[in-house]
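The values are calculated or read from the model by the stated rules, or taken from the named source; none is laboratory data. Everything quoted here is computed from the prediction, not taken from an experiment. Glycine also receives a Cβ, built like all others from the backbone with ideal geometry; neighbour counts cover every protein chain displayed. For accessibility, only protein heavy atoms count, side chains too; no ligands or nucleic acids. Shrake-Rupley method; radii C 1.70, N 1.55, O 1.52, S 1.80 Å.
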Amino acid sequence: MGASDRDRIGDPERLRALRATGLLDASAVPVLDRVTRMTTRLLDVPVAMVSLITEDRQVVVSTAGVADPQAVRENPLARSLCRHVVAGDAPLVIDDACGDGRWHDLVESAGGRLAAYAGVPLNTPAAQVIGVLCVIDTTARTWGREQVRLLEDLAALIEPEIALRLARAGAAQGAAGRQQERVFLRALLDSLEVSVMACDENGRLVINRPMRESLHTDAPPSDVHSWLRSYPLYAPDGRTPLAVEEMPLARAWAGERFHGRQVVAETDAGPRRFLVNGRPIDTPEGHRLGALVAGHDITDSYRIGLLREAQQAVTRVLADAASSQEAAAGVAAAVTDALGWAYGEYRQVDEGRGVITRIGCWSRPGRDLSAFTTGHPEVFGRGEELPGLAWERGEPVWIADTAADPAGTPRVRAGLRAGLRSAVALPVRSGDQVLGVLTFAGDHPRSPDDDLAELLDGVCAHVGRYMERRRAEELALELAESRRRFDRIIDQLTDKIWTVEVRPDGTARPVYVNTEHTTVFGGRLRLAPDDDFIAVMLRFVHPGDREVFGAFCAELIAGRRAQLEYRLIGLDGVTRWIWSRGVPRREGERLLVDGISTDVTERRQITEERERLLVQQQQQVRRLRQVDEVKNQFLRTVNHELRTPLTSIHSYLQLIREGDLDAVTQARFLEVIDRNSTRLGQRPGTVRP
C-alpha cells in the first residue's frame, strides 16, 4: 500500500465520521443485515459483507452466508481486500483471485476460501468512504457491468442509515444547532444519490432532489397530509392502490420499520417502481421526531428483470409451441404480461398477397377491451395502421399518447375508446426481411423508449429465428404433403412423368421421374441423380428409331416443344411403341424440360389392324366388282340367247292362231317352234342360232 493510500485510510476526518456512526460498536444493525441478505439473493453469491475500515483493521459489521460471523469480525489491513476499495474510492472487481499474482498470497492466507471478489464504497454525505459492501464467491466468475451496478445500488440503500446516524449524532450537540442542522440535513439529503423523503413531528415534509427527479415534480406539497392525498401509490402489482395508512411514510410515522418494500408511483412520465426502506425518527427517550423513507428507483433494473423473465418465458413458449399460431399467442402473452401492458398481438407478413395477418393475440384477464377487439381486423396492408407502418419502415413505431391525436386511424380511435393510451409496434426480422410485427398497447401514455425497444429487439430476433424455422418446417410439411398427393395422382397413371434439367454439355440430369410404374419400360427403371437421361433412354430405343429420337431430343435442348412416337425395347425384352411429349421452360439460368411418355403399343396395334382390315376390305371390293362385271356379262349373253328363239316362237304362234295357213305351212311353222323350244332347253353355251 502506497503513501497516498495510507493517507486516505488514516484521514482524521474520515475516521471521525466512521466513529460518529456508532457502527463500530453496534452489536447488530438490522438494516445492514437485510441488505447483505438481499445482496446474496440478487447477485447469486454465497457470501456478502459490510466492512468498515479503521486506521489499522477491517471490522465486519454485517454478514450473510458466513457460518461464524465472529470468526471474520476483525482482520488486519494486510489481509483485507476492502482497504483497496476505501483507498481508491472506487469499486474493486476480481474475477479469479487464485489466478492473479496480486492476490495470490492473500488467498493463501485466507485458506483458499476466496476465488472471486467484488466490492463498492460506502460513503458518508460528505463523500468520505468509511466502508465497503462486498460479495465473495468460492469459484472464479466474471462480474458483469450490470452486477457491479446492482451492487452499487444496494450500497446506496445503506448510505441513508449512515446519514441518519451522523444526523442523530449531530442532533445530540444540542437544540441550539437545530436550525443549522435542519439546513444541513436538507443539503445532506439533496446530496445523496438515493431518493429520501422525511417529515417532522409537525408534518412538515422534506423531499430530496433525487426523489423529486424520480417523481418528476419540482414543487411537491410541503406537508405530509397533502402528499399522501395528492400522490397515489400502488402495490407491487402496479394496479392495486394503497390506502393512506398503507403508504410507506404513514407506516414509518406509525412506528413501523421496514426494508426492501416495493411500491409503484404514478408520475407524468408513467409508472415508476421504488424499493423503499422506512423507519420512525425517535429521540433516545422515545419521543417521535418524524419519519424517514428512503427509496431507490429500480424501474429500469426491474424492467430488465421482467424482460429477462419475458425472454425466458418466450423461450419456453417457443420450445413448447406446436404451430406458428400457438407460438404467436404465447409470445404476445409472455411479453405483454411481463411488461404490464394491456394487449399484445403478433401479425405475420404475407409478401405474396401484400398483407400482414394477425395469427395470435392476448389481453390481460379482467381488462375489458371489447371496444378495441370487437370487429378487430384480421388483415392490414403495408403501411396501414400501426403494424403496417412497422412492416413498411422496418423499425419500431410508437404512439406515445393516443389522446394527443383523437383524429387518428380507426384502430387508434378504437383503442382510445377502450382506454388504451399508448402502443408500440416492433418488426420481427430475419436479416433485412420483415417476417412479422409484435404490437403492444398499454393503459398509460409512454414516451418512446429506445432502451426498451433495444431490449425487446432481442425478443424479436429470437421470435424471428423461430418463425423463420417454423415457417420453413410448415412449408416443408405442406410441400411433402403436396408431393404425396401429387405422387398418389401420378401413381394412378400408366404414363411416365418426367422432368429433366438440360446441362450446358447437352446432357439431361433427371429431376423427377415416376419410377413406380413398369408399363413403359417393362420393369422398374432405376436412375441415379447424375445419370444422363438421354443416354439411358438411347439404350432402350429401337435401332431403327434412334435417329429420329436424337432429333426429338435436339429440339427439346434447343428450347422448343417436341413430340415423337418411337419404339422402345423394354427391360423385359418386349418392343413397345412410346409416344413422348416434352415442354421446355426456364428457371433463371436453368433449362428444364417437363415431359410425359405413354405406351401406345395397343393403339398402334389397333391402327395397324385397322389399316390391314382396310386393305383387305379394299381387295374384297375389287373382287366383288369383278364378279359383278362377270354377272352383267352373263346376263347380257343370256338375254341375247333367249330373245331370238322366243321371238320366233311368238311370231309363228301368232300366225297359227290367225288360222289362214294350209297344213304344210302350219306343220312347217310347228317344226320351227319345236326347234326353238329345244334350243331354249339347252345350256347357254350350246345354243346355236
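Can you give the Kirkwood hydrodynamic radius for segment 244-345, in Å, rounded to one decimal and based on Cα pairs? Here the Kirkwood hydrodynamic radius works out to 16.4 Å.
Shape summary: segment 290-372 maps onto an equivalent ellipsoid whose semi-axes, from the alpha-carbon gyration tensor, are 33, 16, 12 Å in decreasing order.
With protein chains left intact and a 1.4 Å probe, residues in segment 351-443 average 45 Å² of accessible area per residue. From its DSSP helices (H runs of at least four residues, each -39,500 (n - 2.57)), the chain gives a residue-normalised ellipticity at 222 nm of -14500 deg cm²/dmol. When you count the other C-beta atoms within 10 angstrom of each residue and take the mean per peptide, 142-155, 612-625, 328-341 line up highest first as 328-341, 142-155, 612-625. Each part gets one Cα centre, and for segment 115-138 versus segment 622-679 those centres are 159 Å apart. Of the residues 466, 479, 409, the one whose Cα sits farthest toward the positive end of the charge dipole of segment 402-479, with +1 on the Cβ of Lys and Arg and -1 on the Cβ of Asp and Glu, is 409. Quick check on the chain: what does the Kirkwood estimate of hydrodynamic radius come out to from the alpha carbon pairs, in Å? Evaluated over the chain, this radius sits at 35.8 Å.
With R₀ set to 35 Å, the beta-carbon distance separating residue 320 from residue 430 gives a calculated FRET efficiency near 0.95. Rounded to two decimals, the Cα-based Rg/Rh of segment 3-50, with Kirkwood Rh, is 1.13. The packing ranking, built from the mean of other Cβ atoms within 10 Å per residue, places the peptides 61-70, 81-90, 586-595 in the order 81-90, 61-70, 586-595, highest first. Across segment 362-455, Cα-Cα pairs more than 15 Å apart make up 61 percent of the total.
Expressed as a whole percent, the accessible area of the chain that falls on carbon and sulfur atoms is 51 (1.4 Å probe).
Rounded to the nearest 20 debye, the dipole size of segment 604-689 about its Cα centre is 500 debye, using +1 on the Cβ of Lys and Arg and -1 on the Cβ of Asp and Glu. Heavy-atom accessible surface of segment 591-689, averaged per residue, reaches 77 Å², computed with a 1.4 Å probe.
Computed from the alpha carbon atoms alone, the convex hull of segment 531-589 holds 88 Å³ per residue.
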